[in-house]
Amino acid sequence: MPDTRHPAAGLPDVRVLVHVTHFNRLMWDAGPTETAVVEHGIVDPGHRWTGELDRAAVVVNEPVRRGRTTGTDLLPEFARAAPLDVFGMRTDGLAEHIGVPADRCRTRDVPQSELHTELARRRVYVHPVRWTSLGLSLLEAMHLGMPSSRSPPRR
């Protein structure tokens, strides 16, 4: 990881490589390309957690394509512990891809305006994403008051 060069490093058309965290700026090798940090933020949606649905919430975009980076390989083990509702873009076919029954891994692509309410209805938030400083969706779940797990379940 410490020798990982950013795909945009050194490209002639890239004058400044902008990161959203200082961690990313530190970890990615930008080569000769100038770097800057524009920190992202979230609006606090307020404590909304009800946990009324006995399912775990996961937020990840393109889990089939992105695989291990987004923790897709961890989802079957989580699905054995609790049924999952995976929110994000391009999640179609995920249950089949990871080899779990569709009722143990449902996918949901909801508008951003509905995401916080839907997340908060789930019993727990699971953040399987690897190689992230502090995931935006994890921060949102924390603001919602959701119990969360960022590590794989024990065997």
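The values are calculated or read from the model by the stated rules, or taken from the named source; none is laboratory data. Just so you know, these numbers come straight off a predicted model, no measurement behind them. Here Cβ is always computed from backbone atoms with ideal geometry, including for glycine, and neighbour counts include all displayed protein chains. What goes into the accessible areas is simple: the full protein's heavy atoms, side chains included, and nothing from ligands, DNA or RNA. Shrake-Rupley method; radii C 1.70, N 1.55, O 1.52, S 1.80 Å.
Given the condition within 17 Å of M146 (Cβ to Cβ) and surrounded by fewer than 16 Cβ atoms within 10 Å (Cβ to Cβ), answer yes or no: does some residue in the stretch 86-103 qualify? So far as the stretch 86-103 goes, no, none of its residues is within 17 Å of M146 (Cβ to Cβ) and surrounded by fewer than 16 Cβ atoms within 10 Å (Cβ to Cβ). When residues in the stretch 19-42 are screened for being more than 18 Å from R130 (Cβ to Cβ), out of contact with any helix residue (DSSP H, G or I) (no Cβ under 9 Å at 6 or more places or on another chain) and of a type in the set (A, V, I, L, M, F, W, C), 2 of them pass.
Free of Cβ contacts under 8 Å to residues at least 12 places away in the same chain, in a helix (DSSP H, G or I) and over 22 Å from V20 (Cβ atoms): is that true of E114 in this structure? Yes, satisfied. Taken together, V86, V110 contain a single residue that is under 20 Å from L53 (Cβ atoms), at pLDDT below 95 and among the aliphatic types (A, V, I, L, M), which is V110. Would you point out the residue of the stretch 146-155, among those that are assigned to a loop (DSSP other than H, G, I, E, B) and closer than 16 Å to V59 by Cβ, that is modelled with the lowest pLDDT? Among those residues, the one meeting the criterion is R150.
Listed here are the residues, each with its yes/no results for (1) of a type in the set (K, R); (2) over 22 Å from D44 (Cα atoms); (3) in a loop (DSSP other than H, G, I, E, B); (4) at pLDDT 90 or above.
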| site | (1), (2), (3), (4) |
| --- | --- |
| T91 | no, yes, yes, yes |
| A95 | no, yes, no, yes |
| D103 | no, yes, no, yes |
| R106 | yes, yes, no, yes |
| T132 | no, no, yes, no |
| L138 | no, no, no, no |
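Set side by side, the residues T33, T21 differ, and just one is of a type in the set (S, T, N, Q), in contact with a strand residue (DSSP E or B) (Cβ under 9 Å, 6 or more places away or on another chain) and over 25 Å from L139 (Cβ atoms), which is T33. Contact annotation: residue pairs with Cβ atoms under 7 Å, 6 or more positions apart or on different chains, pairing a residue in the stretch 7-21 that is under 12 Å from E34 (Cβ atoms) and without any contact (Cβ under 8 Å) to a residue 40 or more places away in the chain with a partner that is of a type in the set (A, V, I, L, M) and open to solvent by 80 Å² or more (accessible area, probe 1.4 Å), are V18/V38.
Those strands (runs of 3 or more DSSP E) of the stretch 1-69 in which at least 2 residues are surrounded by fewer than 13 Cβ atoms within 10 Å (Cβ to Cβ) and not polar (S, T, N, Q), considering only elements entirely within it, cover 34-37. Restricting the first member to the stretch 127-155 and to residues that are open to solvent by 70 Å² or more (accessible area, probe 1.4 Å), and the second to residues that are among the small types (G, A, S) and modelled with pLDDT of 80 or more, the beta-carbon pairs closer than 8 Å and six or more apart or on different chains are H143/G46.
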